[in-house]
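Just below is one structure, and these are the notes that go with it.
The values are calculated or read from the model by the stated rules, or taken from the named source; none is laboratory data. From a predicted model like this one, the values you see are computed outputs, not experimental measurements. No Cβ is skipped: glycine too gets one built from the backbone with ideal geometry, and neighbour counts run over all protein chains shown. Each accessible area value is taken on the protein alone, full model and side chains, heavy atoms only, with ligands, DNA and RNA left out. Shrake-Rupley method; radii C 1.70, N 1.55, O 1.52, S 1.80 Å.
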Amino acid sequence: MNDLPAAAGADAGALLAALPDPVAWLGPDGAWTVNAAAAARLDRLDAGQDWQALFSDDSVARLRRAVQDAQAGQTTRVTVKIVDTAAPGLVTVAPSGGGVLLHLHVARDPLEVALELMDGLHLGLTVQSPDSRILMVNGAAPDILGLSAGQLTGRDSLDPRWQAIHPDGRPFPGDTHPSRVALRTGQVVRDVPMGIFHPPSETWRWLQVTAIPRLVAGTNEAKQVTTVFADVTDRYVLQREMQRSEQRFRSLVEATSQIVWDAHPDGHFPPPQPGWEAFTGQTPGEYGGAGWLDAVHPDDRPSTLRDWRRAVQTEQHYLTEHRLRRADGTYVPMQARAVAVRDENGAIREWVGIHTDMSAVRDAQQALIDLNADLERRVQERTLALADLTRFSTLLLTAAGEGIFGLNPDGVTTFANPAAARMLGYSVERMIGASQHDLVHHHHADGRPYELRECPIHQTLQDGQTRRVEQDVMWHAQGHAVPVAYVVTPTHDENGQPSGAVVMVQDITERERAQEQLRELIENLERSNQDLEQFAYVASHDLQEPLRTIGSYTELLARRYQGQLDPRADQYLHYMQDAVMRMRSLIQDLLGFARVGRHDTLLERVPLDDLLRAAAQNVRGTLDDGGGTLDWRTPHAVLGQPSLLIQLITNLISNGLKFRAQDRPAHVQVTSHLEGEFVRVTVQDNGIGIAPEYHARVFDIFQRLHRREQYAGNGMGLAICRKIVEFHGGRIWLESAPAQGSTFHLTLPVAPSQ
Ligand code: ADP
């Protein structure tokens, strides 16, 4: 191989030899010379010196024409195809030194260039087929992904070894990988963050992934996808770290609510003061110089200024407290501190200060003070209440009419009130400390010894149950029994443990005596009542016979001698007959009265309507004679003896018709209402009425308010009514006023429903 310098001149020869591009020179003699780069290529092709071997045939033909042009002094450029790489090249063909110089510039494969560039930038790249298998990777990819090119090729986009995750830690499923998405959608997917586990280093790496699909021309269908990814771990970690520390800082600032500031040595407050601005909302124009004082509560300004001036003058620490106006206008209690920062000569360079929010401390302090005050108040209240209670209990114990004993669990008296002592004839001192049972409760009323185990007080001490004893005796110091009733209540100590019992004893001597008297009284009454009834019965019964005789003879006398004696005798006869008649009715009524409830009477269900119908029948004569009207609305049924009840209702109705007012026709109305277990029957008339002072008396036997000449009757009707009602367990009373009519009310037991 010839050296170029020989032909191209010393300088040019050296230059051409060093040129990386292949160069060939055709001398005037027709001999070819090539430089080192060209020789290296020809060597590779094993083509000796024949430069034409570098190019395809059609390229050679074009080059020959260009050489001819160059020999004619013209420079041309020819695009050629280089055989070993199939890459295009550009050959510059130029006249040079009497010969022709051919300079080959090889254009490089853009993909190769791109890959090289990406390797240099440490960007990973993969090319994947439509089924997302990796066809090719660049040099940086294995390093970033931690798997070799061999391991990667043929794999799916996401290897399980990477355990891909999102930034928030959620798993990153394979089908959401950007390259798969790009293949599926035909769209570019940019900058997707993805964390992967890097197997060789066993660390987590953060990638930023962009996938660019290559589409089948004119469609949206991807035939390949190129995925580019950068390892952003450092940036990511840093970012996270920054975020975290920023958060930490922010929460620290928020938590402490502190304002940090600085001031000139002379005490001036220069902008910028970001902390101050943020807290107070003051602008630099407002707080600069001494304007900051405006943010301090007016009342606190003098002390603040005094403290600050003193600090600046004496160069000592600044410490003060004041209320500082927050941006929202509220005043916050603050503690302000500042220290002087000195230069190497000891002169003050600046003041650095800090404001600390004291509200939390204040609140806590106040809460503590409040709590203490509250506690104190409650203790006082409790003490007062206790004192009250003690005083009250003592009073109660002393004043109580009942005897009160306190017993310990063994039945020993621990206290006794004066009433107890009085009742049993001992002194309080004698009772306290003694066994209560042995001292006052040792025998029953009949003289039997009282065994401890049958003593109710002792039983309460054992089982803690309250007991009430209505009748018992306790023994007086002088040896006689005191009839008593008592209640035994168990007591407990503050831990809820049984601590004995309290016995409240009542002396029932008086009560017993009164009860005894009452019993006697009732017995006497019952006896005399019975005697009376017996007498009424016997009397009326026995009177009937002589009356019948008198009646018969009077009638005989009248029939035989009427009109034969003088007129006066006739009148006497008439009086006698009248008296006999009255006497008869009187005796009958008396007998009826005495008979009520005398015999065992069977009670039955009686519908009031039936009663009313029967009673109406009884007063029919009066009604037919135009003596008045009667109506009733009585839908209930009562439990009773029908004939007595008919008599009762008949009496009331006939009274209503009899005692009519002169100026109006009599009208009687009977109604009934249900009142619990009873039916209330009301008989109302529009008659002459009864003055209130007679309301009770009219029910007495023989009680009448009118002379017989005015209104007939013997004063037995209402007495019988009351007896019948009371026999049925009911009540009878009346409402009335003179000339207002009368209303009689009575109650009878309701009949059980059928
Ligand atoms: P009497 O046989 O006189 O009717 P009663 O015992 O039935 O006896 O009544 C007693 C008295 O009560 C009557 O004399 C009358 O003065 C008064 N009295 C009873 N019922 C009525 C009534 N409905 N209106 C006004 N007075 C009455």
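In segment 738-750, which residues are away from the ligand (no atom under 11 Å from the Cβ) and either without any contact (Cβ under 8 Å) to a residue 60 or more places away in the chain or of a type in the set (A, V, I, L, M, F, W, C) (or both)? The answer is Leu746, Leu748, Val750.
This table checks each residue for (1) under 50 Å from the mean Cα position of the chain (by Cα); (2) open to solvent by 20 Å² or more (accessible area, probe 1.4 Å); (3) of a type in the set (A, V, I, L, M, F, W, C).
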{"residue": "Arg170", "(1), (2), (3)": "yes, yes, no"}
{"residue": "Gly174", "(1), (2), (3)": "yes, yes, no"}
{"residue": "Pro178", "(1), (2), (3)": "no, no, no"}
{"residue": "Gln187", "(1), (2), (3)": "no, yes, no"}
{"residue": "Val192", "(1), (2), (3)": "yes, yes, yes"}
{"residue": "Trp206", "(1), (2), (3)": "yes, yes, yes"}
{"residue": "Ala211", "(1), (2), (3)": "no, no, yes"}
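Each residue in segment 684-702 was checked for being over 20 Å from Leu746 (Cβ atoms) and near the ligand (Cβ under 7 Å from one of its atoms), and 1 of them qualify. Considering only segment 627-652, how many residues are open to solvent by less than 50 Å² (accessible area, probe 1.4 Å), under 60 Å from the mean Cα position of the chain (by Cα) and closer than 15 Å to Gln669 by Cα? Result for segment 627-652: 1.
Residues of segment 104-138 that are modelled with pLDDT of 80 or more and open to solvent by less than 50 Å² (accessible area, probe 1.4 Å): Leu104, Leu123, Gly124, Leu125, Thr126, Val127, Gln128, Ser129, Ser132, Ile134, Val137, Asn138.
Pairing residues of segment 661-679 that are over 15 Å from Gly627 (Cβ atoms) with residues that are open to solvent by 100 Å² or more (accessible area, probe 1.4 Å), at Cβ distances under 7 Å and at least 6 apart in sequence or on separate chains, gives Thr671/Arg633. Annotation: Val638 fulfils all but one of (1) in contact (Cβ under 8 Å) with a residue 40 or more places away in the chain; (2) in contact with a helix residue (DSSP H, G or I) (Cβ under 7 Å, 6 or more places away or on another chain); (3) more than 9 Å from the ligand (Cβ to nearest atom); (4) not in a strand (DSSP E or B); the unmet one is (4). I'd like the residue in segment 303-338 that is open to solvent by 90 Å² or more (accessible area, probe 1.4 Å) and farther than 16 Å from His355 by Cβ and, out of all such residues, is farthest from the chain's Cα centre (by Cα). Out of the qualifying residues, it is Gln313. Here is a check on your reading of the model: is Arg664 basic (Lys, Arg), touching a strand residue (DSSP E or B) at 6+ places or on another chain (Cβ under 8 Å), more than 8 Å from the ligand (Cβ to nearest atom) and open to solvent by 50 Å² or more (accessible area, probe 1.4 Å)? It is false that Arg664 is basic (Lys, Arg), touching a strand residue (DSSP E or B) at 6+ places or on another chain (Cβ under 8 Å), more than 8 Å from the ligand (Cβ to nearest atom) and open to solvent by 50 Å² or more (accessible area, probe 1.4 Å). Restricted to segment 667-683, and to residues there that are within 60 Å of the chain's Cα centre (by Cα) and surrounded by fewer than 19 Cβ atoms within 10 Å (Cβ to Cβ), the residue that is nearest to the ligand (Cβ to nearest atom) is Thr682. Only one of the numbered conditions (1) at pLDDT 95 or above; (2) within 23 Å of Thr747 (Cβ to Cβ) is not met by His667, and that is (2).
Do you know which residues across segment 53-103 are among the hydroxyl-bearing types (Ser, Thr, Tyr) and either closer than 20 Å to Leu19 by Cα or open to solvent by 30 Å² or more (accessible area, probe 1.4 Å) (or both)?
Listed by number, the residues that qualify are Thr75, Thr76, Thr79, Thr85, Thr92, Ser96.
Sub-6 Å Cβ pairs linking a first residue in segment 132-151 that is at positive phi to a second residue that is open to solvent by 30 Å² or more (accessible area, probe 1.4 Å), at least 6 apart or interchain, are Ser132/Asp156; Ser132/Arg180; Gly146/Pro199; Gly146/Pro200, ordered by first then second residue.
I need the full set of residues from segment 703-733 which are near the ligand (Cβ under 8 Å from one of its atoms) and out of contact with any Lys or Arg (no Cβ under 9 Å at 6 or more places or on another chain), in order please.
Hits for segment 703-733 are Arg704, His706, Met716, Gly717, Leu718, Ala719, Ile720, Cys721.
Could you identify the single residue in Glu321, Glu315 that is at pLDDT below 90 and under 19 Å from Trp351 (Cβ atoms)? Result: Glu315 is the single residue among Glu321, Glu315 that is at pLDDT below 90 and under 19 Å from Trp351 (Cβ atoms).
Only residues that are outside any strand (DSSP E or B), crowded, with 16+ Cβ neighbours inside 10 Å and at pLDDT 85 or above were counted across segment 503-545, and they come to 1.
Within segment 696-724, the set of residues being in contact with a strand residue (DSSP E or B) (Cβ under 9 Å, 6 or more places away or on another chain) and either small (Gly, Ala, Ser) or surrounded by fewer than 15 Cβ atoms within 10 Å (Cβ to Cβ) (or both) comprises Ala696 only. Just one residue in the set Arg422, Arg448, Arg453, Arg467 is open to solvent by 30 Å² or more (accessible area, probe 1.4 Å) and closer than 14 Å to Asp507 by Cβ; that residue is Arg422.
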